């Protein structure tokens, strides 16, 4: 099956078209993607499979769209009886991001004020970490604190990482040599070039994508089963 | 499901409070709180509800169960939020391989509604320019009709054309009707004497008083509702199975 993985420019172009020509709204897309991420987590890490007594999940949310998607994912996980905790390394100025943050607070989802540097604390407290820090538009060569520090911590933890769209710190178009090593990747809309040789569990969340865009970008997306909004590649 | 065959102490702890049915005022108050205090967005809520409606349709009318050769569905969308929800429902049905056709009895001035309309057009969902008054044409062309005309805030005693005419047509069709939130033309708080008679009702958030004795298939789409609101309004919502966003009552 011929799957065209996307470059950073194509990913950006598709999103622009969705908003401008297809009149999707950002809030709407983020809700769609966030819910799909949560469903992927329930498939990759079912409640019954979690090792710890409490179904705890740490969700690290960046300040931009990738982080907003992480917030919606956390909210849905809470509904599915997981116990997410959110960590915002950086306050966001985007009002949409702030709305999603309030929605989570009002669902009694706790927030960490800082990320422990002591890796064992993270290993002990959570079953897994959801990396929702950076999307395909991040400039991974020029990361500013606190992200490099967080990525160092994530490279040392023993619990699994699930990344939203692009593993944070990876170049969108190149598989990483020494970046974080997620067990699970949830690609949004279409997979990116960096995921070509991804060897972990790879989910694709993009059923909503209009057929015309799929054809225009030659995406050759697989058929989604039943009413599922995501598929495991 | 009521399990009352245990010791009295356990039985007391396990007594399930009945589901609450909302008045018009309560339904409006909950929505206002969701937007104002919980900072949900209208676009976000409509997407959540519309998807849940589509899932309800796939459960009530699975593709394999449809009588006609093509899995056609007529979706009648009013100009306000109920209609927007119908549009999102139609879009998801298209993704699920149904063949929805949309009918807008009235143009909407709301830009959000227009956005949802464009999303449907760009998914190649056709639109009817008028609804046939010849009922047999509707019976022949579609497997079912989704009524997304009016929500709980409609003034059902003072409906303006074209709605009374459409409701007359809907009372005569032989194919099933599925209504979104409140059957159009019904009073929100009273079961209807002579209104349309849907086979399926998809209540959004919590059921309304008019649905208390609804005898058809009744779905509840409202898993997203924050616990604090559920407690505040004493909703006693049932537990949703697995990761389902809707439940059949």
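The values are calculated or read from the model by the stated rules, or taken from the named source; none is laboratory data. Note that the structure is a prediction, hence the values are computed from the model and not measured. With ideal geometry, Cβ positions are generated from the backbone for all residues, glycine too; neighbour counts draw on all protein chains shown.
Taken over region A:104-120, residues that are away from chain B (no Cβ under 14 Å), surrounded by fewer than 16 Cβ atoms within 10 Å (Cβ to Cβ) and part of a loop (DSSP other than H, G, I, E, B) amount to 6.
Residues of region A:192-215 that are within 14 Å of chain B (Cβ to nearest Cβ), in contact (Cβ under 8 Å) with a residue 60 or more places away in the chain and in a helix (DSSP H, G or I): A:213 alone. Taking every residue in region B:223-239 that is within 13 Å of residue B:29 (Cα to Cα) and pairing it with any residue that is part of a loop (DSSP other than H, G, I, E, B), at least 6 positions away or on another chain, the pairs with Cβ-Cβ distances below 7 Å are B:230/B:237; B:233/B:20. Looking at residue A:42, is it assigned to a helix (DSSP H, G or I), within 11 Å of chain B (Cβ to nearest Cβ) and closer than 16 Å to residue A:160 by Cα? The answer is yes for residue A:42. Mind listing whichever residues of region A:124-153 are surrounded by 14 or more Cβ atoms within 10 Å (Cβ to Cβ) and under 19 Å from residue A:52 (Cα atoms)? A:125, A:126, A:127, A:128, A:129, A:130, listed by residue number.
Of all residues in region A:154-179, those satisfying the criterion of being part of a loop (DSSP other than H, G, I, E, B) and surrounded by 22 or more Cβ atoms within 10 Å (Cβ to Cβ) are A:165, A:166, A:167, A:168, A:169, A:170, A:172. Of the residues making up region B:61-103, those that are more than 14 Å from every other protein chain (Cβ to nearest Cβ) and free of Cβ contacts under 8 Å to residues at least 24 places away in the same chain number 2.
Please indicate, with yes or no, whether at least one residue in region A:19-27 is more than 10 Å from chain B (Cβ to nearest Cβ), surrounded by 24 or more Cβ atoms within 10 Å (Cβ to Cβ), out of contact with any helix residue (DSSP H, G or I) (no Cβ under 8 Å at 6 or more places or on another chain) and in a helix (DSSP H, G or I). No, region A:19-27 contains no residue that is more than 10 Å from chain B (Cβ to nearest Cβ), surrounded by 24 or more Cβ atoms within 10 Å (Cβ to Cβ), out of contact with any helix residue (DSSP H, G or I) (no Cβ under 8 Å at 6 or more places or on another chain) and in a helix (DSSP H, G or I). The residues on offer are B:40, B:61, and the sole one that is more than 27 Å from residue B:217 (Cβ to Cβ) and modelled with pLDDT of 95 or more is B:40.
The number of residues in region B:48-100 that are part of a helix (DSSP H, G or I), within 15 Å of the chain's Cα centre (by Cα) and closer than 22 Å to residue B:126 by Cβ comes to 18. Test residue B:14 against the criterion of being surrounded by fewer than 19 Cβ atoms within 10 Å (Cβ to Cβ), within 14 Å of another protein chain (Cβ to nearest Cβ) and either at pLDDT 95 or above or out of contact with any helix residue (DSSP H, G or I) (no Cβ under 9 Å at 6 or more places or on another chain) (or both), and give yes or no. No, not satisfied. The number of residues in region B:224-249 that are in a strand (DSSP E or B) and crowded, with 16+ Cβ neighbours inside 10 Å comes to 2.
Matching residues to (1) in contact with a helix residue (DSSP H, G or I) (Cβ under 8 Å, 6 or more places away or on another chain); (2) touching a residue at least 24 places away in the same chain (Cβ under 8 Å); (3) within 21 Å of residue B:89 (Cβ to Cβ); (4) within 14 Å of chain A (Cβ to nearest Cβ):
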residue	(1), (2), (3), (4)
B:123	yes, yes, yes, yes
B:139	no, yes, no, no
B:163	no, yes, yes, no
B:167	no, yes, yes, no
B:179	no, yes, yes, no
B:183	yes, yes, yes, no
B:190	yes, no, no, no
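Among the conditions (1) loosely packed, with under 14 Cβ neighbours inside 10 Å; (2) within 14 Å of chain A (Cβ to nearest Cβ); (3) under 25 Å from residue B:76 (Cβ atoms), the only one that residue B:221 does not satisfy is (1).
Restricting attention to region B:104-114, the residues that are touching a residue at least 60 places away in the same chain (Cβ under 8 Å) and more than 16 Å from residue B:145 (Cβ to Cβ) add up to 1.
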